[in-house]
Amino acid sequence: MLRLSLCVTVLCVTLSCSAHAETRYTTIVIDPGHGGFDRGGIPGQRVAEKVMTLDVSQRLKTILQNAGYRVVMTRDTDEFIPLGTRVAIANSQPNAIFICVHFNSATRRGANGIETYFYSTESAPLAASIHASVLGGAPSENRGVRRRGYFVLRRTNIPAVLVECGFLTNPNEAQYAENAAYRQKLAQNIARGILNRPAVASRTSYTNRSSRVDVGSQPFLDQRYVREASGRSGKSSHRRKIASATRKRKKTSVDD
Ligand SMILES: [Zn+2]
């Protein structure tokens with residue numbers, strides 16, 4: 001009897017897993033990075049990250065809506081939305097995936113490239129697909145697909161990906177980003193990565209190695225970073241600086 005009930009349980013679990021795997025998402029939650037007083041990037045950065053992330057996200061919204069998807073934006077104007085609210089919006093949507101749009105920055109002007117992040121295993125194929133598609137249309141280095149516990153990736157319970165669409169501190173990539181046609185291309189390639197997920201995912205690998213770029217002097221609230229960052233990544237000076245900056249800001253912090 002015990003054995004029979006065990007078999008039934010195993011069968012149910014197997015069936016429910018395979019049914020879950022075949023569930024198609026119908027909603028895309030798009031999360032334009034930063035906004036309002038949180039400009040994104042580093043001090044003195046000429047091109048505001050928050051403007052670029054919103055523009056690409058709105059273009060992505062239009063493309064996905066035209067493809068028949070329901071789209072939810074965590075912000076659709078220049079306003080500050082706390083990380084917890086962004087995560088709550090994502091987690092309240094059934095059959096959804098979560099796409100965070102960011103641009104990178106570094107004190108070293110030469111730093112460039114596209115990188116894409118995920119946290120949960122179920123998000124890895126989606127991250128790989130988006131990365132391959134965005135990279136294919138960008139005049140940029142491949143910085144890889146990386147696993148990292150950013151707040152918005154770790155706290156969401158749906159597939160979640162954060163794409164860094166190039167460095168606004170790099171003269172070439174900033175020039176591209178300022179071009180509306182290029183931002184449209186970025187949005188189209190993110191959308192293509194979402195729509196073609198299974199086919200592309202199997203051809204791309206990822207790494208969880210740390211970035212070589214020093215972004216440690218970034219004092220603004222970068223909503224990707226969290227105080228309770230995972231132990232291993234916390235060893236770098238970059239992480240310590242971020243954690244320290246976040247603690248100093250604790251009383252007025254609105255990021256968690
Ligand atoms: Zn950002």
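Only the coordinates and a few stated rules stand behind these numbers; no lab work does. Keep in mind the model is a prediction, meaning the values are calculated, not measured. Here the Cβ positions follow ideal geometry from the backbone for every residue, glycine too, while neighbour counts run over all protein chains shown.
Based on the Cα coordinates of segment 25-210, what is the per residue volume of their convex hull in Å³?
With only Cα atoms used, segment 25-210 gives 104 Å³ per residue.
Arrange S140, S92 by Cβ neighbour counts within 10 Å, fewest through most, would you? It would help to have the intermediate numbers written out before the result.
On the way: S140 20, S92 11.
Starting with the residue having the fewest Cβ neighbours, the order is S92, S140.
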Check your understanding: Using 0.36 nm per residue, how much length does the chain from R24 to R70 gain when fully extended, once their Cα-Cα distance is taken away?
Key -> 15.3 nm
Check your understanding: Hey, fewest Cβ within 10 Å first, where do E115, E79 land in order?
Key -> E79, E115
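For the pair R154 and R109, what calculated FRET efficiency results from E = 1/(1 + (r/R0)^6), where r is the Cβ-Cβ distance and R0 = 45 Å, to the nearest 0.05?
Efficiency computed from Cβ-Cβ geometry: 0.90.
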Practice item. List C100, C165 from most exposed to least, where exposure is judged by having the fewest other Cβ atoms within 10 Å. Key: C100, C165
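Please give me the summed charge of the neighbours of N104: other residues whose Cβ is under 9 Å from its Cβ, Lys and Arg +1, Asp and Glu -1. Walk me through the numbers before you get to the answer.
Details: positive: R143; negative: E49, E115, E164, E173.
For residues surrounding N104, the net value is -3.
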Practice item. At 0.36 nm per residue, minus the direct Cα-Cα distance, what do L195 and F37 gain on full extension? Give it in nm, one decimal, please. Key: 53.6 nm
**Study point:** DSSP beta bridges in segment 25-210 [antiparallel fraction, %, rounded to 5]
**Key:** 20
Review point. What's the local net charge at Q58, with K and R +1, D and E -1, over the other residues with C-beta under 12 Å away?
Key: +1
